Amino acid sequence: MSEVENSNTVDLQSQLLPLELIEKCIGSRIWIAMKNDKEFVGTLLGFDAYVNIFLKDVTEYEYTPEGLKTVKLDNILLNGNHVCLLVPGGEGPKVKA
Amino acid sequence: MTTSNTSNNSNAQFNFFKMCIGRPVVVKLNNGVEYRGILEVVDGNMNIVMEQTEEYLNGQLKTKYGDCFLRGNNVLYISAQPRK
């Protein structure tokens with residue numbers, strides 16, 4: 001019984017919190033999907049408790065009735081309000097040629 | 001640990017604001033409207049004051065404003081060219 005409890009506490013200590021995972025991604029590429037039909041791919045520079053996100057070398061993907069629209073941006077500070085999903089190392093939607 | 005890192009990141013946010021002030025920026029709102037102008041002031045809520053502001057809708061210039069204030073809740077992102 002005590003062994004089980006011990007292993008549980010070890011598990012809890014070694015457990016990685018969601019934001020700690022994102023913290024480990026600082027400096028690498030990340031793919032961000034928003035609540036609306038927008039996605040961003042860029043190099044993660046930092047973020048805060050609201051998951052406002054700093055990115056550099058960013059590509060913005062927007063799904064419109066006319067198709068996928070892409071915009072290139074340098075440095076951006078992305079408002080965390082509409083962030084839905086973060087994918088470490090993600091390369092974004094595959095653009096069909 | 002986490003709090004210290006968060007404060008570091010807040011510093012990064014502060015540095016980004018400092019880097020951008022007085023420089024041309026692009027601010028995109030949630031409704032898709034884009035504002036290009038000289039960033040004057042920005043705060044933690046992303047409230048923004050800009051000068052020489054141009055309003056773009058679907059990439060087309062619609063209006064110009066001398067001074068303008070944007071309430072932070074509408075802001076999708078603030079984009080700036082890195083200092084050369």
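Just a few scattered comments:
- Here B:Leu57 does not qualify as within 14 Å of chain A (Cβ to nearest Cβ), under 25 Å from A:Asp37 (Cα atoms) and surrounded by 17 or more Cβ atoms within 10 Å (Cβ to Cβ).
- Qualifying positions in segment A:50-74 - free of Cβ contacts under 8 Å to residues at least 24 places away in the same chain and either under 16 Å from the mean Cα position of the chain (by Cα) or outside any strand (DSSP E or B) (or both): A:Lys56, A:Asp57, A:Val58, A:Glu60, A:Pro65, A:Glu66, A:Asp74
- The residue that is surrounded by the fewest Cβ atoms within 10 Å (Cβ to Cβ), counting only those in segment B:24-54 that are touching a residue at least 40 places away in the same chain (Cβ under 8 Å) and of a type in the set (Val, Ile, Thr), is B:Val26.
- Conditions (1) modelled with pLDDT under 95; (2) crowded, with 17+ Cβ neighbours inside 10 Å; (3) under 15 Å from B:Ile78 (Cβ atoms); number of the one not met by A:Phe40: (1)
- Within segment A:40-82, being of a type in the set (Val, Ile, Thr), more than 7 Å from every other protein chain (Cβ to nearest Cβ) and farther than 11 Å from A:Ile30 by Cβ holds for A:Val51, A:Thr59, A:Thr64, A:Thr70, A:Val71.
The values are calculated or read from the model by the stated rules, or taken from the named source; none is laboratory data. Just so it is clear, the structure is predicted and the values come from calculations on it, not from any experiment. We place every Cβ from the backbone using ideal geometry, glycine too, and count neighbours over all the protein chains shown.
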